[in-house]
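The values are calculated or read from the model by the stated rules, or taken from the named source; none is laboratory data. Just so it is clear, the structure is predicted and the values come from calculations on it, not from any experiment. Backbone-built Cβ (ideal geometry, glycine too); neighbour counts: all protein chains shown. Keep in mind that these areas ignore ligands, DNA and RNA; they rest on the heavy atoms of the full protein, side chains included. Shrake-Rupley method; radii C 1.70, N 1.55, O 1.52, S 1.80 Å.
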Amino acid sequence: MGNTILKVNDLHVHYGSIHAIQGISFEVNEGEIVTLIGANGAGKSTSLNTVAGLLKASSGTIDFDGKSLLGVPAHKIVGRGMALCPEGRRVFLQLTVQENLEMGAFTRKQSEIADSIEAVYEQFPRLKERYKQIAGTLSGGEQQMLAMGRALMSKPKLIMLDEPSMGLAPILVDQIFDIIKELHKSGTTILLVEQNAQKALSIADRAYVLETGRIVNSGTGQALLHDDSVRKAYLGG
Amino acid sequence: MLDYLISGISLGSVYAIIALGYTMVYGIAKMLNFAHGDIIMIGGYAAFCTGYYLHWPVWLAVLFAVVVCTVLGVVIEKLAYKPLRNATSLAVLITAIGVSYFLQNVALLIWTSNPKAFPNMLSFIPYVNIGRIQITGTALGTVVTCIVVMVALTLFTDKTKMGKAMRTVSEDKGAASLMGINVNGTISLTFAIGSGLAAIAGVLLCSAYPTLMPTTGAMPGIKAFTAAVFGGIGSIPGAMIGGILLGVIEIFAKAYISTQLSDAIVFAVLIIVLIVKPTGLLGKKITEKV
Ligand SMILES: Nc1ncnc2c1ncn2[C@@H]1O[C@H](COP(=O)(O)OP(=O)(O)O)[C@@H](O)[C@H]1O
Ligand SMILES: [Mg+2]
């Protein structure tokens, strides 16, 4: 296993008076798939959004690639090699598929991105077929692929995926998980947030269980898959 | 009849340029910058002082006005609006109205309420005859400027990297910042462009209607806002079409119905359009995000 690429220590996050994240610590090593699982409202998205700089931490530390991310605004974090594919996809509905991908590479030189676009199209042939279409006309599954492709366009060392399977038909869910496995194989480090705990744990190297803003359990994906309390709470017995 | 049409299109072109500023700022910062009309007035004074008192050549006076307004727009955004980025839209609106009165009163202090006779800065453009109709150089210059501005802005937002970044900020600021786009910088740029255009509009307006007062920008500002809503707020071609239609309606109402009632007619048309099509002529449906 590689070096630690992301290290979060004793992180607290508030929304006004709501104490959403209450001192969590976790880390991701190079080459791993790490997953955060937990019920709706546990604080998974809040954690990822804070790491990505969209939300301010109240206290605690976040180190990425050996440097602190505290106080670094979101738009300066991408260039350091971290991409967040946010919950609900949030593709730019009024831009074309190709323009969405170009925006994903906003921090890179114009001359370097043609190859990356080709690579994304190779991975997601559906997007290539629709490259001129406005993203708002894509189906949910296609939008998810676009959101992932867009995040990959920055050539991240670490990609964070927030509920990539949300709202998708089962066959598409399988497809998305296959893509995540492929990304992993090609060497990308992945931090995955999922409500589909079964699937997430089965592909994860390691996992953390989040409950109302605290980490209550952690271990390898396989260990948690067979853990009694996890089975009861998240895997339907 | 055709004369009226031409002066309507010419006045409408000024409204259109002002409306572009309104619409861009609304599209990206999601706020109505009610002080936009007063930036026109400041642009008018900047061009007047340098062009008339200091005898600067027209191009330099206009350039100076554009620079003054661009800087002013960016500074206003930084000082007055940026601290309210997460405030209610009512608070922002009230602030914008406050900025509008502030600018008018500063102008009152510096230039007093005595109207200045603005020299026609487009008088160097010769008139042209098409058949029996004569188009004045001022009208011609105004319409051509308007077309150039529209084409340039459309190319900018559709084709350039910064223009595309602007469109992403208008759709989803959070997602835009995840791409590495500096959202605050993009909003500043939008104010800079909108305010620079307001300076041009100020020179065009005062060249055609040569009385310059601290309140000069207020009414055209409100009308251009109407034009932007009329065409579909947030839409560049919408602002253009809305502005020109508004100018034409106003001139025809003045000529054939009543000078006093022309403004009432203009606003009545707006209300009818909004009842029939609430998003304006070219407005996109606002898709609610879940
Ligand atoms: N914008 C917000 N304002 C106030 N509270 C929020 C906001 N977003 C999330 N929360 C609260 O923070 C907690 C964690 O939410 P979230 O991180 O979205 O959970 P998850 O992603 O695990 O479903 C929840 O209690 C939620 O109600
Ligand atoms: Mg969530």
With x for Gly and Pro, the residue-by-residue ³J(HN,Hα) of the range B:208-220, computed from phi through the Karplus equation 6.51 cos²θ - 1.76 cosθ + 1.60 at θ = phi - 60° and given in whole Hz, is 8, 10, x, 9, 10, 9, x, 9, 4, x, 4, 5, x
Whole-Å distance linking the alpha carbon centroid of the range B:123-154 with that of the range B:48-80 is 23 Å
CD proxy, 222 nm, the protein assembly as shown: helix-only mean residue ellipticity via -39,500 (n - 2.57) per DSSP H run with n ≥ 4, per residue, nearest 500, stands at -17000 deg cm²/dmol
Note on the range A:68-98: residues buried by at least 10 Å² of accessible area once partner chains are added (vs chain on its own, 1.4 Å probe) come out as A:74, A:75, A:78, A:84, A:86, A:90, A:92, A:93, A:94, A:95
Log entry: pair-distance distribution for the range B:49-155, C-alpha pairs binned every 5 Å from zero, whole % per bin is 2, 9, 11, 15, 16, 16, 14, 8, 5, 2, 1, 0
One point scatterer per Cα, no solvent, Debye formula: log10 I(q)/I(0) for chain A at q = 0.13, 0.16, 0.17 Å⁻¹ comes out as -0.77, -1.16, -1.30
Between the alpha carbon centres of the range A:136-153 and the range B:242-283 the gap in Å comes to 42 Å
Averaged per residue, the 1.4 Å probe accessible area of the range B:2-276, protein heavy atoms only, in Å², is roughly 42 Å²
About its Cα centre, chain A carries a charge dipole, from +1 on Lys and Arg Cβ atoms and -1 on Asp and Glu Cβ atoms, whose size in debye to the nearest 20 is 420 debye
Cross-link reach from residue B:254 to lysines, straight Cα distance under 24 Å and at least 8 residues apart if same chain, gives B:223
So, for the Cα atoms of the protein assembly as shown, Rg and Dmax in Å stand at 27.7, 92
The pairs in B:159/B:277; A:44/A:76; A:109/B:173; A:157/A:185 lying past 20 Å Cα-Cα in this model are B:159/B:277; A:44/A:76; A:109/B:173
Taking Cα atoms, the helix B:89-111 axis meets the longest principal axis of chain B at an angle in degrees (rounded to 10) of 40 degrees
Exposed-loop cut sites defined as trypsin sites (Lys or Arg not before Pro) in DSSP loop states with at most 12 other Cβ within 10 angstrom; longest site-free run of chain A spans A:133-237
If each part is reduced to its alpha-carbon centroid, the range A:40-86 and the range B:202-230 end up apart, in Å, by 46 Å
Within the set B:140, B:261, B:197, GNM on chain B using Cα springs under 10 Å gives the largest fluctuation to B:261
On complex formation of A with B, accessible surface lost, both sides summed, probe 1.4 Å, nearest 100 Å², amounts to 2000 Å²
Descending accessible area (1.4 Å probe), largest on the left, turns A:59, A:154 into A:59, A:154
Largest first and rounded to whole Å, the semi-axes √(5λ) derived from the alpha carbon gyration tensor of chain B read 29, 23, 19
Taking a straight Cα-to-Cα line shorter than 17 Å from residue A:232, and setting aside same-chain lysines fewer than 8 residues away, one finds A:199
Once the dipole of the protein assembly as shown is set up from charges on Cβ (+1 Lys and Arg, -1 Asp and Glu), the residue from the list A:14, B:80, B:168 lying farthest towards its positive end is B:80
Share of accessible surface on carbon and sulfur in chain B, whole %, 1.4 Å probe and ligands ignored, is 72 percent
